[in-house]
Each structure stands twice: as C-alpha cells, then as structure tokens.
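Asks: For reference, the structure I am asking about is given below.
What follows is calculated from the coordinates using simple rules that are stated; it is not laboratory data. Values in this document were obtained by computation on a predicted structure and should not be read as measured data. Note: ideal-geometry Cβ built from the backbone for every residue, glycine included; neighbour counts use all protein chains shown.
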C-alpha cells in the first residue's frame, strides 16, 4: 500500500528526517510514535507532497510519488486528516464533505454523504452548520469524514485526538476500530499510546528523525521501557 525508503527531509539547512523507511500493507493499521519534534509531522508532510524530500522514495501501490504535487498524491489514493483538523470554517458541514469528494473506483462500497452521515450521525444533525460553529470533536469527525469522501486507499491521521475531551476521544477510537474492521488501511499519529496499542497492528517509533523501533502491540507491551526511553517527556 505504502512504502517509504530512505526518506530525508527538512526545512532550509535544518535536516529533520534521516533515512526513514517503513511500509504499510493493505488493510493494516500502523502507528507512528515519538515525542514532539522527532519528525512525525515532517514525515506526513513529505509523504503528502507538502514538503519536498531531499532524498528517498515514496511508493503508493507501485506508483513513485516522492516530490509529486499534493493533488497527484491524493489521486493515487492517500487521504489526510491533518493536525489541527483544518476544516473550511466558512463552509457548512455538507459543503466541507463534498468539496474534495471523489469516487476512485470503489463502486457500491464507496464513501458517500449518506454513508458518512450513517458513520457520524452527529454530522447529519449539524449538516447546515458552518465549520466554525462545530465543537472540537465535531470538527474532528468532519475532518475524518472529509478524508473518507476522497475514498482513500490509505487514511492518515496526524494527532487524531489532540485537544479532545476523553468521551470524544473514545468516540474517535471506536470509529477508527470500525474502519479497521472494514479493511481500511490506516497510519495514525497520536499521543494516546494505550488506545493505539489496542487499535494498531504494528507500531513505529521515531526518534530524532530516525525509526529506532518497530514491532507489534504485543512486542510493545513486552518492552515497558520503550515509553520511558522514547515517548515520555
């Protein structure tokens, strides 16, 4: 589904990523873990063409995408739920959902307005409310729904539950679990490690721009020192 090899990237003269390599298989849920400033969002920006890599390859379904513009990467089947949600505040819920919608050959299983509303009933209730009239949790649901409306092969969530109340976080994790059961490939970044361990198939830890550990949830639980070494401030 996604293969990243020897990715290097940064900002100006400051290099942030040093040979990052990982892959995500079809139907797999993978997490990218690490403290703030370790390169997680830079990795996402590089994958989505929002930051041009200095070196390395990014392959999606056999298509080489490193350095391609963001719209080409979206057309290849990647959907992003960005950090901070970044919904359109001057559009209502329904306009946000249809603004970037695309049925990329999914036929009857495609994400449509009706399917998103069934998945997030609260969005249907608020469909005529403007983006800036929604709560943080509703905005996150909208950001996920908007990404699903592009019918992505791989859904990427950057800081999936940041700033949300615990009850809303639980709703988001439940939604991601349902997407996993439907076979959706997912890459998720979040600080809620306990929830991620329950959700994901594999975990990657990024430290100072390098992948320093990779393993399953069972592997992670069996190595309690990982949290102190790489995740706690």
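Asks: Test of understanding: in a Gaussian network model of the chain with alpha carbons linked when under 10 Å, which of 190, 201, 182 would top the mean-square fluctuation ranking?
Replies: Looking only at 190, 201, 182, the biggest GNM fluctuation is shown by 182.
Asks: So, in nm, how far is label residue 222 from label residue 104 when the simple model puts each one 7 Å beyond its Cα toward the Cβ?
Replies: The modelled label-to-label distance comes out at 3.5 nm.
Asks: Still on this model: By counting other Cβ atoms within 10 Å of each Cβ, how are 193, 116, 221 ranked from fewest to most?
Replies: By the 10 Å Cβ count, ascending: 221, 193, 116.
Asks: Enter the angle in degrees (range 0 to 90, nearest 10) between the Cα long axis of helix 166-181 and the first principal axis of the Cα atoms of the chain, meaning the one along which they spread out most.
Replies: In the chain, helix 166-181 runs at an angle near 80 degrees to the longest axis.
Asks: Something else about it: Go ahead and collect, in residue order, the members of the stretch 146-186 whose backbone nitrogen is under 14 Å from a label point 7 Å along the Cα-Cβ direction of residue 194.
Replies: 166-167, 169-170
Asks: Using helices alone, I'd like the mean residue ellipticity at 222 nm for the chain: each DSSP H run of four-plus residues gives -39500 (n - 2.57), total over residue count, nearest 500.
Replies: Rounded to the nearest 500, it is -8500 deg cm²/dmol.
Asks: How much length is gained if the chain between residue 230 and residue 170 is pulled fully straight, taking 0.36 nm per residue apart and subtracting their Cα-Cα distance, in nm to one decimal?
Replies: 19.1 nm
Asks: If r is the Cβ-Cβ distance from residue 14 to residue 55 and R0 is 22 Å, what FRET efficiency results, to the nearest 0.05?
Replies: Taking R0 as 22 Å, the efficiency between residue 14 and residue 55 is 0.90.
Asks: I'd like the distance between the alpha-carbon centres of the stretch 116-155 and the stretch 1-68, rounded to an integer number of Å.
Replies: The distance from the Cα centre of the stretch 116-155 to that of the stretch 1-68 comes to 26 Å.
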